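Working notes, structure below.
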Amino acid sequence: MVYAQELSDYKDVRSALIEEAIAITDVYNDIWRYGGAEVGPVQAGLKRYISTVIDDEWSMLGRTEGLSPHAWKEWEAVYEALLNLTPTTNRERWLGDRMLGRITDIAKLREMREAGVFGRFSSLFWAPAIAGLVLLSVPFHVYRPTRGHLVLLATFGVYSGIVLFFIYAFSNPFRPPGRLEPVAFERLLSGDLDGKLPPR
């Protein structure tokens, strides 16, 4: 059950990362469609935000230090720029509302990313898990060991070790050995953002 829960949480974090990358792309493209003086600052701010997440925040989450304050500042600058837009047409109003919705989605997804690191129950799990393994292995020692007993004990030990290893690996998605790589964000920085729109 613990393994299934940890795997489910791990998948949720991975899905949230992809959704965050999509939200960033939406804002990046919609500000271009909106036009005006804010296009450059908003797009540059999003790129700085992504870079900060990759370079600083990822390792901070792996060390369970939480989200990067610098990344929050970059997000805040983009948010303020979007709040300061003054739409004059229905198109601009629609794009402005959509961008504000997506930028707040990014904040929510950031919080979900941090929740994937904190508030885990794995520390409460390890003591009973190890005690359970010891207690389950006791019956193997009641009778004189035979080849069959030793094979069963070894199989049980290997199986239990693999399960516990994966529970540990999935317990923090930003730390090895189960570390998620920021591939979605790296792809955005490596050209996906600029490649999505023709030059103006």
Search result, residues across segment 85-103 that are within 30 Å of Thr64 (Cα to Cα) and in contact (Cβ under 8 Å) with a residue 24 or more places away in the chain
Arg102, Ile103
Could you list, ordered by first residue, the pairs with Cβ atoms under 8 Å in which the first is in segment 148-171 and more than 21 Å from Leu7 (Cβ to Cβ) and the second is of a type in the set (Ser, Thr, Tyr), at least 6 apart or interchain?
His149/Tyr143; Leu153/Ser137; Phe156/Ser137; Gly157/Ser137
Positions within segment 17-41 being surrounded by fewer than 16 Cβ atoms within 10 Å (Cβ to Cβ) and more than 21 Å from Asp97 (Cβ to Cβ), in sequence order:
Ile18, Gly40
Can you name every residue in segment 137-171 that is surrounded by fewer than 10 Cβ atoms within 10 Å (Cβ to Cβ) and among the polar types (S, T, N, Q)?
Thr146
Expected single match for part of a helix (DSSP H, G or I), farther than 18 Å from Ala107 by Cβ and among the aliphatic types (A, V, I, L, M) among Ala44, Ala71, Ala37 is Ala44
Condition check: in contact with a helix residue (DSSP H, G or I) (Cβ under 9 Å, 6 or more places away or on another chain) and modelled with pLDDT under 95. Does Glu92 satisfy that?
no
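Could we say that Leu82 is in a loop (DSSP other than H, G, I, E, B), surrounded by 13 or more Cβ atoms within 10 Å (Cβ to Cβ) and out of contact with any Phe, Trp or Tyr (no Cβ under 8 Å at 6 or more places or on another chain) here? Outline the logic, then answer.
Values: in a loop (DSSP other than H, G, I, E, B): no; surrounded by 13 or more Cβ atoms within 10 Å (Cβ to Cβ): yes; out of contact with any Phe, Trp or Tyr (no Cβ under 8 Å at 6 or more places or on another chain): yes.
Criteria not met by Leu82.
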When restricted to Asp55, Asp26, the only residue under 27 Å from Thr88 (Cα atoms), within 19 Å of the chain's Cα centre (by Cα), assigned to a helix (DSSP H, G or I) and of a type outside the set (A, V, I, L, M, F, W, C) is Asp26
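Do we find that Arg14 is surrounded by fewer than 13 Cβ atoms within 10 Å (Cβ to Cβ), within 30 Å of Ser160 (Cα to Cα) and either in contact (Cβ under 8 Å) with a residue 40 or more places away in the chain or within 14 Å of the chain's Cα centre (by Cα) (or both) in this structure? Write out each step before concluding.
On the way: surrounded by fewer than 13 Cβ atoms within 10 Å (Cβ to Cβ): no; within 30 Å of Ser160 (Cα to Cα): yes; either in contact (Cβ under 8 Å) with a residue 40 or more places away in the chain or within 14 Å of the chain's Cα centre (by Cα) (or both): yes.
So Arg14 does not fit the description; no.
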Counting only residues that are modelled with pLDDT under 85 and of a type in the set (S, T, N, Q), give me the helices (runs of 4 or more DSSP H) lying completely in segment 99-200 with at least 2 of them.
122-137, 147-171
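The values are calculated or read from the model by the stated rules, or taken from the named source; none is laboratory data. Owing to the predicted nature of the structure, the values given are computational and were not obtained by experimental measurement. Neighbour counts run over all protein chains shown; Cβ positions are idealised from the backbone, glycine included.
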